[in-house]
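What follows is a set of notes on a single structure, which appears directly below.
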Amino acid sequence: MNSLIRNILTAIAATIAVGASADVKELPVTTINGKLYHYYKVEGKESIYSVVHKLKVPKDELLRYNPSATEGLKSGMTLYYPFDDSAVESAEPEVTEPARSDKSDQSDRSEESAPAIPAAPADPAPSDDTHLVQRGETIYSLARRYGVSEDDLMKWNPSLADGLKADSRIIVKAPEAETPMEISGDRTEITSTTGQPATAPALPEGYLVKEKETFYSIARDHGITVPELEAANPQVSLLKAGMILTIPRAADTIAVEPAPLPEENAGPQVIEPAEADSLVSHNVNIALILPFMTGEKPVSKQAQRFTEFYKGFLIAVDSLRNSGKAINILALDSHGSTDTVRHLLTRPDLKEMDAVIAPDNAAQLAYIARWGLDNDVRVYNAFVIKDDTYVGNPMMLQSNIPSELMLEKAAESLVASLGSSTPVIVTRSGVEADKTDFLKELNDRLSRSGITPVTVEFDHRLTPASLSALSATGDYVFITVTGKQAEVNRILPGLIDWHRNAPSARIKVWGYPEWIAFRGDTQQNMHALTTTIYSRFAPDEEIYRNKKFDATFKRWYGSEMENATPRQGLLGFDTGMYLLRLGLLDKPTPSGVRYSGIQTDYDFHQIPSGGWVNNSLMLLTYLPGGEISKSSK
């Protein structure tokens, strides 16, 4: 009995498998870059093996035309296979122009490319005519050939529900009059002859990804946003040449003008502004005057960093695209020249800006600051840290907390965190301290609080013997007098060894901004000792928002950000988010507008009779186990 049931089930399974299989030539067809491809929607839990068996195509060919499938199949993913129209009668291949006008594009065409779209017959099919189906033809190709819809063919020929068979005859009719479409440039406007608003379905089109293309460049070229492109291709996490993307088409006329992005190799492409009278007061208008060094070959590392800053800024613009207000961005190349900056500031459209982001040159910043004061335009300093042009200039925004204020807040935070702990200052004989300003501020605050620190001095490398005067059950916060990694590596291992011998002791370490760049053993030791550092920037690769931004940046631009501190792409994003929100809120001043960024927090306070300074200091605590706790003071 069991054997009989097993045989019946096997027979049923075989029947299902045969019924589910379909030759790839029976699949519907779509157009990709002017060529015809069969396409197949992956169903739940299907694998490469099951699909190639189902479609009867070689695995290597399927993967060649679908590079993304090498990473595995996902439900809803679309697979493509070239359409073979060699058997279609009276269908001469149409001569298609290359996507680009340069000759190299023609020479790069592969023999594996799908054939060109068959040209439609010169004369449309007469009413109630018939067509003799040829091998290789599909319902889609016939509908396209006769200018009718697939639904019409199915309605006229109910037998097509069982599939299109070669040598059979089907009924075709003359196409009905269609709503005329006026095509102008890269926009498609649909005009109704009845006077009623015309509607059109959102028809996706396919696009074959080329070398070095990115989500951003493809979205820009097709007049859509990156999120729209991503939403249409959820299965694609990283672009590869040869992939086929779905390009969504808007149902009605939408003019999308994403800000151009500087070219990767040729230096930034300067964005020309809109006409001055188009920058109306209720919009948000931001200008960037930065040394993109257009035309410089090779492009310097510094210029690349400003380009990365700008890229991050554009992602912020895109994040706020649904704010209800127009956002106008003007990017100008200072070329690293004060004369160029002077010339740029004669432009009347700059006076319409809500804020101007100034370059990293102190002299140029000072010149722009004076111009901002004269023209009632806010000037944003993101790059010159040791600058005091905000003193006496209410139009200045200093985004980097001033050094004096930073040291005051850092020392205040350390003393406030002591509780019952004893501060221990660790120094090496013969080595001059390079953190004297901080130590002076700290000692002043400790003195005012009635706290006396302990000093430990060692010769070559800190050892447990160097700490013999400390209680094995004490509570200590160790403070070094230097931020140099070589010196830190002489201290932290000794603290770990001492704590291993005195496990009942509670110890922590206080460090400096430079430590944020430490990696390897040094960083591991910082985690082991619960180390807190202060900094203007707090990038943490493990924070969710950071990871999400990294992925977005790579999808948009096809490359990762430079591994530096601060990361310029994040700095551009945080800067953009703050300034744009400030403009969107129509706030007359930055007072009370706080922003907790991925890398930087902003909380501007105005100094008496002067400008605005960021009052936010980042504290990062490296915890045992590898986590980093981030807070703002």
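The values are calculated or read from the model by the stated rules, or taken from the named source; none is laboratory data. Fair warning: this is a prediction, and the values are worked out from it, not measured in the lab. Neighbour counts are summed over all protein chains in view; Cβ atoms, including those assigned to glycine, are modelled from backbone coordinates with ideal geometry.
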- Checklist (1) modelled with pLDDT of 90 or more; (2) farther than 23 Å from residue 562 by Cβ applied to residue 591, failing item: (1)
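Each row is one residue, and each column tells you yes or no for (1) surrounded by 16 or more Cβ atoms within 10 Å (Cβ to Cβ); (2) among the polar types (S, T, N, Q).
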| site | (1), (2) |
| --- | --- |
| 531 | yes, yes |
| 575 | yes, yes |
| 578 | yes, no |
| 601 | yes, no |
| 618 | yes, no |
| 624 | no, no |
- Hey, residue 367 closer than 24 Å to residue 307 by Cβ and not β-branched (Val, Ile, Thr) or not: yes
- Item | Unmet criterion (only one of (1) surrounded by fewer than 16 Cβ atoms within 10 Å (Cβ to Cβ); (2) of a type outside the set (D, E, K, R); (3) in contact (Cβ under 8 Å) with a residue 24 or more places away in the chain) for residue 527 | (1)
- Those residues that are among the polar types (S, T, N, Q) and closer than 20 Å to residue 304 by Cβ, I need them from the range 327-347; list them, please. 334, 337, 340
- Item | Qualifying residues in the range 205-239 (those that are outside any loop (DSSP other than H, G, I, E, B) and among the aliphatic types (A, V, I, L, M)) - the one nearest to residue 41 (Cα to Cα) | 232
- Of all residues in the range 48-64, which are over 20 Å from residue 138 (Cα atoms) and of a type outside the set (A, V, I, L, M, F, W, C)? 49, 50, 53, 58, 59, 60, 61, 64
- In the set 379, 415, 391, which member is within 27 Å of residue 609 (Cβ to Cβ), β-branched (Val, Ile, Thr) and over 31 Å from the mean Cα position of the chain (by Cα)? 391
- Task: Scan the helices (runs of 4 or more DSSP H) fully inside the range 272-386 and keep the ones with 2 or more residues being within 26 Å of residue 220 (Cα to Cα).
- Result: 301-319
- Taking residue 506 as meeting all but one of (1) under 20 Å from residue 624 (Cα atoms); (2) free of Cβ contacts under 8 Å to residues at least 40 places away in the same chain; (3) among the charged types (D, E, K, R), write down the number of the exception. (2)
- Please tell me if residue 584 is under 18 Å from residue 397 (Cα atoms), in contact (Cβ under 8 Å) with a residue 12 or more places away in the chain, surrounded by fewer than 17 Cβ atoms within 10 Å (Cβ to Cβ) and not polar (S, T, N, Q). yes
- Task: Return the residue satisfying two criteria in turn: it lies in the range 213-246 and is of a type outside the set (S, T, N, Q) and touching a strand residue (DSSP E or B) at 6+ places or on another chain (Cβ under 6 Å), and of such residues it is farthest from residue 318 (Cα to Cα).
- Result: 244
- Specify the residue that is modelled with the highest pLDDT; the eligible residues are those in the range 127-172 that are part of a helix (DSSP H, G or I), hydrophobic (A, V, I, L, M, F, W, C) and surrounded by 14 or more Cβ atoms within 10 Å (Cβ to Cβ). 156
